[in-house]
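Participant: Just passing along the structure, written as structure tokens.
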Amino acid sequence: MITKEMAQNFAEWFEGTLNLQSSAQPCIYYHAGRVDFSPGSTTGGTAAPVYNGEADIIISKEWWNCRYDFTTQEKADLIYETVQEFLFEK
């Protein structure tokens, strides 16, 4: 389950992580029935399921970068839709 508020938070965290460290590899992932965010950076650490390859990556840095010209709100809306589609297929 994901809410629009969660998607907004994820978008803000993604943006903030990349502003702090452009080499970070943030992602939104699914593991053990839960959707979560990993900053994928040396400043914020990486979630163990992501690091160990156990998680399904739903939104990657590449996905984010392909939407460079989108606003944070537009990205949040797309995150919500993308995660909803992923969960529907699970």
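Participant: Taking the options ILE79, ILE58, ILE28, name whichever one is of a type in the set (A, V, I, L, M, F, W, C) and part of a helix (DSSP H, G or I).
Facilitator: Numbers: ILE58 fails: part of a helix (DSSP H, G or I); ILE28 fails: part of a helix (DSSP H, G or I).
Every option except ILE79 fails the conditions.
Participant: Something else: Condition (residue is exposed (fewer than 14 other Cβ atoms within 10 Å of the Cβ), in contact with a Phe, Trp or Tyr (Cβ under 9 Å, 6 or more places away or on another chain) and not aliphatic (A, V, I, L, M)) applied to segment 10-32: is it met by at least one residue?
Facilitator: no
Quick grid of which residues meet (1) in contact (Cβ under 8 Å) with a residue 60 or more places away in the chain; (2) under 18 Å from ALA76 (Cα atoms); (3) of a type in the set (A, V, I, L, M):
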residue	(1), (2), (3)
GLN21	no, no, no
CYS27	no, yes, no
ALA55	no, no, yes
ILE58	no, yes, yes
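Participant: Out of segment 45-88, which residues are over 16 Å from THR3 (Cα atoms), crowded, with 17+ Cβ neighbours inside 10 Å and either of a type in the set (Lys, Arg) or modelled with pLDDT under 85 (or both)?
Facilitator: Those that are over 16 Å from THR3 (Cα atoms), crowded, with 17+ Cβ neighbours inside 10 Å and either of a type in the set (Lys, Arg) or modelled with pLDDT under 85 (or both): THR46, ALA47, PRO49, LYS61.
The values are calculated or read from the model by the stated rules, or taken from the named source; none is laboratory data. No experiment lies behind these values; they were computed from the predicted model shown. A quick note on method: Cβ atoms are made from the backbone with ideal geometry, for glycine too, and the neighbour counts reach across all protein chains shown.
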